[in-house]
Amino acid sequence: MYSEIAAFTHQHHVTLVAVSKTQPVEAIQALYDMGQRDFGENKVQEMTEKQTQLPDDIRWHLIGHLQKNKVKYIAPFVHMIHAVESTELLTTIQQQALKHNRQIKVLLQFHIADEDTKYGMNLEEAIQLIENVRAIPFPNIILSGVMGMATFTENMEQVRKEFRHLKNIFDTIKSQFFPNDDAFCHISMGMSGDYPIAIAEGATMVRIGSAIFGARN
Ligand SMILES: *Cc1c(COP(=O)(O)O)cnc(C)c1O
C-alpha cells in the first residue's frame, strides 16, 4: 500500500506525511529504507522517544494538539507543527526555537468539521493571530500554511465541501497577508479515508496512517 500512496502523492506534487503514531520504530525504519522522510506523530513523548532511535534526517511533524509546556521537548528537532491555534502557543514555539537556534515551520489549524470535538480556529481568529505575529517579530517561526480535519463521516460530499472551505481560507489568508511569501504554501488536509478528495480540492500535504501501516490497535 505504501508504494502506491507514495507514487500517487508524488505524481500530484503533494507531500506525504506518514502518520506513525502507535507504530514501532521498526515499522518507521522500514518505510525510511524505502525513501520516506516525513513522519507524523500526535503525542510529544512518543515522538521524542522515537526520534532518538531513528535517523537524523527524518522530518518530524507534530500533528496533534500541543500543550505549551511540552514545546521544549520537541523544539530541538521538530520540522513542522501542524496544529497551532493561539498566539500564546506561537510565542512559546518562538522562544524554544530561538533557544535551539533553529526555525520551526508551523501551520494554523482551522475548525472545518461539523463536530464540536475538533480543535481549530475560524478565519476571524486566525486573522487576529496573524496580526499579532506581524506586530512582534517571530524570527524563528516560519508560518507555512493551514491545516484541518474533515468530519468523520461517510458523506464524501460533506467532506469535499469542508476541504473546499479550507482551501478558500488558505487563498484568503495568502492573498491578504502572504502574497509574496513563498513559505506560506501548505494546505495540510486529507487522511486515509479521504486523501484523494483532499488532493482534488487542493491539498499540498496529506497525513496518512492506517492506509499505510494497517489499522491501529
Ligand atoms: C491519526 C491522524 C491522522 C491519520 O489518520 P489515518 O486515518 O490513520 O490516516 C491524520 N491526522 C491527524 C491529526 C491524526 O491524528
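Filter segment 59-76 for residues that are open to solvent by less than 50 Å² (accessible area, probe 1.4 Å) and touching an Asp or Glu at 6+ places or on another chain (Cβ under 8 Å); which is farthest from the ligand (Cβ to nearest atom)?
Across segment 59-76, the extreme among qualifying residues is 60.
Which of the residues that make up segment 1-28 are more than 13 Å from the ligand (Cβ to nearest atom) and either open to solvent by 60 Å² or more (accessible area, probe 1.4 Å) or charged (D, E, K, R) (or both)?
If the condition is that a residue be more than 13 Å from the ligand (Cβ to nearest atom) and either open to solvent by 60 Å² or more (accessible area, probe 1.4 Å) or charged (D, E, K, R) (or both), then 3, 4, 8, 10, 11, 12, 13, 24, 26 are the ones that fit.
Tell me, yes or no, whether segment 166-178 has at least one residue that is within 9 Å of the ligand (Cβ to nearest atom), open to solvent by less than 60 Å² (accessible area, probe 1.4 Å) and touching a Phe, Trp or Tyr at 6+ places or on another chain (Cβ under 7 Å).
Within segment 166-178, not a single residue is within 9 Å of the ligand (Cβ to nearest atom), open to solvent by less than 60 Å² (accessible area, probe 1.4 Å) and touching a Phe, Trp or Tyr at 6+ places or on another chain (Cβ under 7 Å).
Looking at residue 83 and the list (1) within 16 Å of the ligand (Cβ to nearest atom); (2) closer than 30 Å to residue 29 by Cβ; (3) surrounded by fewer than 19 Cβ atoms within 10 Å (Cβ to Cβ), which single condition is not satisfied?
Every condition holds for residue 83 apart from (3).
Only one of 45, 103, 109 is open to solvent by 90 Å² or more (accessible area, probe 1.4 Å) and touching a Phe, Trp or Tyr at 6+ places or on another chain (Cβ under 9 Å); which?
Unique residue meeting the criteria: 45.
Taking segment 11-31 on its own, how many of its residues are in contact (Cβ under 8 Å) with a residue 12 or more places away in the chain, assigned to a loop (DSSP other than H, G, I, E, B) and closer than 11 Å to residue 213 by Cα?
Of the residues in segment 11-31, 4 are in contact (Cβ under 8 Å) with a residue 12 or more places away in the chain, assigned to a loop (DSSP other than H, G, I, E, B) and closer than 11 Å to residue 213 by Cα.
Among the residues of segment 196-212, count how many are assigned to a helix (DSSP H, G or I) and either within 14 Å of residue 171 (Cα to Cα) or more than 8 Å from the ligand (Cβ to nearest atom) (or both).
Counting residues in segment 196-212 that are assigned to a helix (DSSP H, G or I) and either within 14 Å of residue 171 (Cα to Cα) or more than 8 Å from the ligand (Cβ to nearest atom) (or both) gives 5.
Any residue in segment 58-82 that's within 15 Å of residue 147 (Cα to Cα): show its pairings with residues that are part of a loop (DSSP other than H, G, I, E, B) and of a type in the set (A, V, I, L, M) at Cβ separation under 8 Å, as long as the two are six or more apart or on different chains.
From segment 58-82, the pairs are 61/78; 62/78; 81/66; 82/63.
With the requirement that a residue be closer than 20 Å to residue 104 by Cα and part of a loop (DSSP other than H, G, I, E, B), what does segment 176-188 give you?
178, 180, 181, 182, 183, 184, 185 - these are the residues of segment 176-188 that are closer than 20 Å to residue 104 by Cα and part of a loop (DSSP other than H, G, I, E, B).
Can you spot a residue in segment 39-53 that is within 12 Å of the chain's Cα centre (by Cα), assigned to a loop (DSSP other than H, G, I, E, B) and at pLDDT below 95?
The answer is no, given that none of the residues of segment 39-53 is within 12 Å of the chain's Cα centre (by Cα), assigned to a loop (DSSP other than H, G, I, E, B) and at pLDDT below 95.
Looking only at segment 146-165, how many residues end up being among the aliphatic types (A, V, I, L, M) and surrounded by fewer than 20 Cβ atoms within 10 Å (Cβ to Cβ)?
1
The values are calculated or read from the model by the stated rules, or taken from the named source; none is laboratory data. Remember, it's a predicted structure, so these values are computed and weren't measured experimentally. Backbone-built Cβ (ideal geometry, glycine too); neighbour counts: all protein chains shown. Ligands, DNA and RNA are stripped out before the accessible areas are found, and what is left, the full protein with its side chains, is counted by its heavy atoms. Shrake-Rupley method; radii C 1.70, N 1.55, O 1.52, S 1.80 Å.
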